[in-house]
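Chemist: Have a look at this one before I ask anything.
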Amino acid sequence: MPIECWRLQGFSDEQFHKAAATGLSDAQLNKMAGNAVTVPVISALGEKIKDIYWRSCRA
């Protein structure tokens, strides 16, 4: 189901339902989710980079 793909990418159900309401096919909804950047992963990477940067500045 496309909604599961959207959830894995970090989107809310509300965001999925808004996109689905436009009449897109399941294939298009899956493609949209697959082309998205996974926000929780990018956020975690950013935090890790920030931590490493601040530790290197203090050394």
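Chemist: Collect the residues in region 22-52 that are of a type in the set (A, V, I, L, M) and assigned to a helix (DSSP H, G or I), keeping them in residue-number order.
Modeler: Matches in region 22-52: A27, L29, M32, A33, V39, V41, I42, A44, L45, I49, I52.
Chemist: Take the residues of region 1-21 that are part of a loop (DSSP other than H, G, I, E, B) and aliphatic (A, V, I, L, M): which is surrounded by the most Cβ atoms within 10 Å (Cβ to Cβ)?
Modeler: By that ranking, first place goes to M1.
Chemist: Which numbered condition trips up G46, out of (1) open to solvent by 70 Å² or more (accessible area, probe 1.4 Å); (2) at pLDDT 95 or above?
Modeler: Only one criterion is unmet by G46, namely (1).
The values are calculated or read from the model by the stated rules, or taken from the named source; none is laboratory data. Predicted model, so just to flag it, every value in this text is computed and none were measured. Don't worry about glycine lacking a Cβ; one is built from the backbone with ideal geometry, like all the others, and counts go over all protein chains shown. Calculation scope for accessible area: heavy atoms of the full protein, side chains included, ligands and nucleic acids excluded. Shrake-Rupley method; radii C 1.70, N 1.55, O 1.52, S 1.80 Å.
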